[in-house]
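This report concerns only the one structure given below.
Values quoted throughout were computed directly from the atomic coordinates according to the rules given, and no laboratory measurement underlies them. Just so we're clear, the structure is a prediction, and the values are computed from it rather than from any experiment. Methodologically, a virtual Cβ is constructed for each residue, glycine included, from the backbone with ideal geometry; neighbour enumeration extends over all protein chains shown.
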Amino acid sequence: MNQPPAVHRTPALPDASQESSGRITRATLLKDLRLEWRSKDAINSMLFFSLLVVVVFSFSFDPSAEESRQIAGGLIWVAFLFAAVVALNQTWARELRNQVLDAYRVSPAPPNSLFVAKVLGNFIFVAVLEALMTPLFIMFYRLRSLGPAWQLLLVAAFGTWALVVNGTFFAAMSIRTRSREIMLPLLLFPISIPAILAMVQATSAILNGEGARFWIVLLATYDLVFTTGCLLLFETVLNAE
Amino acid sequence: MTADPYLFAAYAATWIIHIAYLTTIVRRYARLKREIEELKK
Amino acid sequence: MSFEPRALALSKLVTRNPKLPMKIVFPILVILTGVLLSYAMYMALSPNGAPTEQTMGMVQRIFYYHVPSAWTAFLLFFINLGASVYYLIRRCPTADILALVTAEVGVVFCTVVLVTGPIWARPVWGIWWTWDMRLTSTLVLWLIYVSYLFLRRFSSSGQTPVLAAALAVLGALCVPFVYFSIWFFRTQHPQPVMGNGGSIDPRMLHVLLLNWLAFSCFAFLVCWSRFRLEKLQREVDEAHAMRSLLDEPASPRSAR
């Protein structure tokens, strides 16, 4: 019988790289959020951390003094900055513990989806922290906004995005270094200086009823430029040996 | 040239910084040379 | 005497001894640069060179060291950006060494700017620091490149070039934002301006450019030395690695 031998074909595996980046991003993001929600420890410690930060600041910068109300914008953002660093260090630490990064590198999923998912997850995380700290600040410092409050939300959104997009990128970088917890702020703070200046000036301006348009536009441009930059460079950094 | 202390301090500081950096280069170079001698053995 | 036999003899000498150009050229350049630096310093300090400024007097002469150092630092960081981008595209080790070298030397020059600035500001305006454009931008650049150097020191050697290059690109992207944010901040909160503001006496400009040329030559030589040191260091590291691979009794490594 001259029949050709039956060739055993493996069933075609779903090609992950052809799945839309959006779906991968959403899936990763949901996974992260679910993990955070399940590990109530992280949330509880973050809650307490927010309260502690506000209280310590209130003792350091006397809320009743008129000067403090002038610099309240700066105080709030410094507090947010430190909360963001703590949050960012946490999120990558979990990945590292389970060697998830190596799995991502090997999988055919586009690295940018992973990056966007991480940034969104961190953004939500830090936004929650800010939402917890803001009422406390308002209460302790008896803050009143003379300018439109919706602009404050805009500044908060752009500012947080700036910190988080750079922070996630540098967190991924600093994972490969010794002393990784200190490397993240070492790398993040210098580059974030223009954004921090903009956030603080915008917040102070709005609270005092002055115009903040320049700062908001600067922040938005900064977000655009650095999101693009980080997206372009993330794959390179992820695959660095 | 009037002896302005700040002027002197600025110029001196400049050269101190540069010489300090050059010193680190020279020292490392000497140490490397020694290592190379050891390696050659 | 015709030129040709001389050229031929010289090329024979060079081919037999390839390190010769460096052994001759480098010391010559060092001497030339030394002369240039001395002349530039004389011109900066003597009323024969740069005229004494009316309001500030002799202290203003710090300007001739402060500003060229800043320009040299910016030039070095610009080269760092170029080398980093080239490394990301071509993965050429020489580009990586060039990036490291220009970052280090750039930080040294930035330090000079940040030290001479306050020394100048103190007698003139009575304050140690001012949110002047040049001083503040230099501070932020200094911070960014110091963090770059920390990254290089703390990351494991295989990944360092890529990570550092990525950081350099992001740092460079940051520079226009630094400039604009400080510019606007200063229009809202007016600060003393260091330097001559607008017009500058041509004799002062001449001395300024002379010092810039001198410091640029100096920076080039320092970079060259550091480059040679780094190349040698990497060759030694490779030799050590080869040794341990071949399982020979390793010589005690001197502590880094």
Chain C: spread of alpha-carbon positions along the three principal axes, whole Å, largest first, is 67, 58, 35
Taking the dipole of chain A about the Cα centre (Lys, Arg +1; Asp, Glu -1; charges at Cβ), the one of A:Gly167, A:Pro111, A:Ile206 that reaches farthest to the positive side is A:Pro111
For chain A, the longest principal axis of the Cα atoms and the Cα long axis of helix A:111-141 enclose an angle in degrees, to the nearest 10, of 20 degrees
Longest principal axis of chain A (C-alpha) makes with the long axis of helix A:72-97 (C-alpha) an angle, in degrees to the nearest 10, of 20 degrees
Violations at 19 Å Cα threshold for listed pairs B:Lys33/C:Lys12; B:Lys33/C:Lys23; A:Lys31/A:Lys118; C:Lys23/C:Lys231 -> B:Lys33/C:Lys12
Comparing A:Thr160, A:Thr168, A:Thr228 in a Gaussian network model of chain A (Cα, 10 Å), the one with the largest mean-square fluctuation is A:Thr228
Per-residue Cβ contact counts at 10 Å, fewest first, order A:Phe49, A:Phe170 as A:Phe49, A:Phe170
Taking alpha-carbon centroids only, the range C:143-191 lies from the range A:226-241 a number of Å equal to 16 Å
Tilt, helix A:149-174 to longest principal axis of chain A (alpha-carbon atoms), in degrees rounded to tens, equals 50 degrees
Taking chain C and counting helices only, DSSP H stretches of n ≥ 4 at -39,500 (n - 2.57) each over all residues, the nearest-500 ellipticity at 222 nm comes to -27500 deg cm²/dmol
Hydrophobic long helices for chain C, i.e. whole DSSP H runs reaching 24 angstrom or more by Cα along the axis with Kyte-Doolittle mean at least 1.6, come out as C:20-45
Chain A, Gaussian network, Cα under 10 Å: of A:Pro194, A:Pro108, A:Pro185, the residue fluctuating most is A:Pro108
When B:His18, C:His240 are ranked with the fewest other C-beta atoms within 10 Å first, the list becomes C:His240, B:His18
